[in-house]
Amino acid sequence: MDNKIDLHLHTLVSDGHATPLEMLEAAREAGLKQVSFTDHDALGAYRHWGDLFARAEAFGIELMSGIELDTHYGDEELHLLGFGFRIEDKALNERLRLVQGLRRQRVLRQLEDINRYFGRKVVDRKKVILPQRDSLMKPHLVHAMLDEGLFPDYREAAKWLSVNAQVPIHVPKLPMADAIRMIVQAGGEAVLAHPGYIVAETAIRLDEMLAELAPLGLAGIEVDYPYFQEKEPAAAFPDRETESAMIERLRSLAERFHLKKTRGSDAHDIDALKAYAGAGIS
């Protein structure tokens, strides 16, 4: 698949570390020709920085509207990517306002719990609540604790947070089928995000899941994805060989169910964007 495409990028609108303009400039420098910003439950990347589509066009880059939605399938949390939909779709934006409001309430309560527990300002509200950030999320709290040297790694900090900063605020996740329907009704295409993790980390039979969801409007699956992380090795994908084997499996499933195959880095910063752009064609 062409490494000049990256349809899974995050910005500081959700849990990324750079603005859409900075990521777009990095995409230009990396020679990308088609990108999409897929922030979690948020569309601010396309609103808070003027006409981003015109800026992308000036760079010779095709920019598609994008989003990553939290959904559930059975008892599992799964992520769904949406592409090419109408940014101002009423139903989609009503859903995002609900989710963003609840996310904000939850994170602010947890922020207070963290600072109270440690007896000092571990998490600075001004660094978390940014004017152009739509979705407040767990990573904002976890990274603040890591920056203070309170935990050895992300996993340990997240585990502590789940035990010690529980708040009675539930952020509902759409059933996968309903999320697909919402994206389709907004004029877009729904794509299953990083399905290799579904295979490796859940009991879901991906072939059975695709057989169920494809007739409901699922248009594609994310095939090319950086499952192997050299700096943060995951047990399920300890080397390039296991990553390549999974990608081939996903490619076969996409062809079997006549689904589009997409490519995305899931980059949350400029370095990750450039590294995946330079990874070659898989």
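Of the candidates 28, 86, the single residue that is among the basic types (Lys, Arg) and either surrounded by 24 or more Cβ atoms within 10 Å (Cβ to Cβ) or part of a loop (DSSP other than H, G, I, E, B) (or both) is 86.
Go through segment 175-270 and tell me which helices (runs of 4 or more DSSP H), entirely inside it, have 1 or more residues that are more than 20 Å from the chain's Cα centre (by Cα) and either more than 22 Å from residue 74 (Cα to Cα) or not assigned by TED's automatic domain parsing to the domain that holds residue 79 (or both).
On the way: elements: 176-185, 195-201, 206-213, 240-256.
Ranges flagged: 176-185, 240-256.
Please specify each residue of segment 123-145 satisfying the condition of being part of a helix (DSSP H, G or I) and either charged (D, E, K, R) or in contact with a Cys (Cβ under 8 Å, 6 or more places away or on another chain) (or both).
Within segment 123-145, the subset part of a helix (DSSP H, G or I) is 125-128, 138-145.
125, 126, 127, 138, listed by residue number.
Residue-level check: of (1) out of contact with any His (no Cβ under 8 Å at 6 or more places or on another chain); (2) surrounded by fewer than 21 Cβ atoms within 10 Å (Cβ to Cβ); (3) outside any loop (DSSP other than H, G, I, E, B); (4) among the acidic types (Asp, Glu), residue 70 misses just (1).
Please go through segment 230-258 and give me each residue that is modelled with pLDDT under 90 and surrounded by fewer than 11 Cβ atoms within 10 Å (Cβ to Cβ), ordered by number. Scanning segment 230-258 gives 230, 231, 232, 235.
Look at residue 120 and say whether it is in a helix (DSSP H, G or I) and not assigned by TED's automatic domain parsing to the domain that holds residue 53. Can you show your working first?
Values: in a helix (DSSP H, G or I): no; not assigned by TED's automatic domain parsing to the domain that holds residue 53: yes.
Spelling it out, it is not the case that residue 120 is in a helix (DSSP H, G or I) and not assigned by TED's automatic domain parsing to the domain that holds residue 53.
For segment 1-25, the set of residues classified as assigned to a strand (DSSP E or B) and β-branched (Val, Ile, Thr) consists of 5 only.
One line per residue, one yes/no per condition, for (1) surrounded by 15 or more Cβ atoms within 10 Å (Cβ to Cβ); (2) closer than 29 Å to residue 7 by Cα:
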| residue | (1), (2) |
| --- | --- |
| 153 | no, yes |
| 156 | no, no |
| 163 | no, no |
| 167 | no, no |
| 173 | yes, yes |
| 183 | yes, yes |
| 187 | no, yes |
| 190 | yes, yes |
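Checking each residue of segment 183-191 against the condition of being more than 30 Å from residue 105 (Cα to Cα) and of a type outside the set (D, E, K, R) gives at least one match. Of everything listed in (1) touching a Leu at 6+ places or on another chain (Cβ under 7 Å); (2) in a loop (DSSP other than H, G, I, E, B), the single unmet condition for residue 273 is (2). Checked across segment 58-65, the condition of being modelled with pLDDT of 95 or more, assigned to a helix (DSSP H, G or I) and not assigned by TED's automatic domain parsing to the domain that holds residue 128 holds for at least one residue.
Screening the candidates 267, 214, 200 for the property of being under 26 Å from residue 155 (Cβ atoms) and either touching a Cys at 6+ places or on another chain (Cβ under 6 Å) or surrounded by fewer than 19 Cβ atoms within 10 Å (Cβ to Cβ) (or both) yields one hit, 200. Do we find that residue 100 is assigned to a helix (DSSP H, G or I), in contact (Cβ under 8 Å) with a residue 40 or more places away in the chain, over 21 Å from residue 11 (Cβ atoms) and not acidic (Asp, Glu) in this structure? Criteria not met by residue 100.
The values are calculated or read from the model by the stated rules, or taken from the named source; none is laboratory data. Model, not experiment: these values are computed from the prediction. Counting neighbours? That spans all protein chains shown, and the Cβs are built from the backbone with ideal geometry, glycine included.
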